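Q: Below is a structure I'd like to ask you about.
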């Protein structure tokens, strides 16, 4: 069965966004969990805090055996980094996707103003967001996103919480293996080299023909990246002694600091 996998969703979304990965990874016999974070999906109405979201990830890890590969996208990537820094002994490896932009700058510029404008609409921008996802994602991807509902009301609290996060400090505090995954067309790539240099044991993967929603733009490629990462982490746990705090030696096969394009150009 190998190492378990916990998938952490993005802003306004829910665990349903991971439907393609859950299906693909479970078909390989892997243990997979895709929880809803506070304020999202089945937990709408609960207050969102970064600490509470990191605890939700830790609870999900406990539900699959107490140690897992943690995979997060966008907001979920920041939350996953926070969870890995807080409890590295629970996080066997980390895949942080679509989140390599320092939040103090990126969230203020990309999300805060649009969120304030959408908040003035009668439906808080629900219809606009639904239409956006239907236009920009393949049919199955849009359904995966929308089936869990859109927590439009969560945006402001999420932005306020994550904007103050020292994400590079949290990333450098995690000693385990990290895969930074971006769509080649993603605007959140702007600080990817800084993020890579902050990792104790990192590699950077840019996925061709994918944007911010890389897991749904290129679901097969992304599922393969996650499966390969889980296999690397599982093999490492069998062959290398675990260091204090849950970290082992760097992965020589992947190459520390390597930049790995995936798929055809």
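Q: If packing is taken as the average count of other Cβ atoms within 10 Å, what order do 43-56, 220-233 fall into, highest mean first?
A: 220-233, 43-56
Q: Could you line up 12, 90 from fewest to most neighbouring Cβ atoms inside 10 Å?
A: 90, 12
Q: With label points built 7 Å along Cα→Cβ from the Cα atoms of residue 172 and residue 127, find their separation and express it in nm.
A: 4.8
Q: Could you list the residues of segment 3-45 with an amide nitrogen less than 19 Å from a label point located 7 Å from the Cα of residue 62 in the Cα-to-C-beta direction?
A: So the set is 4-8, 32-39, 43.
Q: Just grab the label-to-label distance for residue 89 and residue 220, each label 7 Å out from Cα along the Cβ direction, in nm (one decimal).
A: Going from the residue 89 label point to the residue 220 one covers 4.2 nm.
Q: In nanometres, what is the gap between the two model label sites at residue 185 and residue 157, each 7 Å from Cα along Cα-to-Cβ?
A: 3.4
Q: Hey, can you rank 24-37, 64-77 by average C-beta count inside 10 Å, highest first?
A: The packing order, highest mean first, is 64-77, 24-37.
Q: Taking a temperature of 10 °C and a viscosity of 1.306 mPa s, what whole-number D in µm²/s does Stokes-Einstein yield for segment 142-240 with Rh from Kirkwood over alpha carbon pairs?
A: Rounded, D is 102 µm²/s.
Q: So, one more: Using only the alpha carbons, work out the radius of gyration and Dmax of segment 1-92 in angstrom.
A: Here Rg and the maximum Cα pair distance are 12.1, 36 Å.
Here, each number is a calculation from the coordinates, and none is a lab measurement. This structure is a prediction, so every number in the text was calculated from the model and none was measured. Cβ: placed from backbone, ideal geometry, glycine included. Neighbour counts: every protein chain shown.
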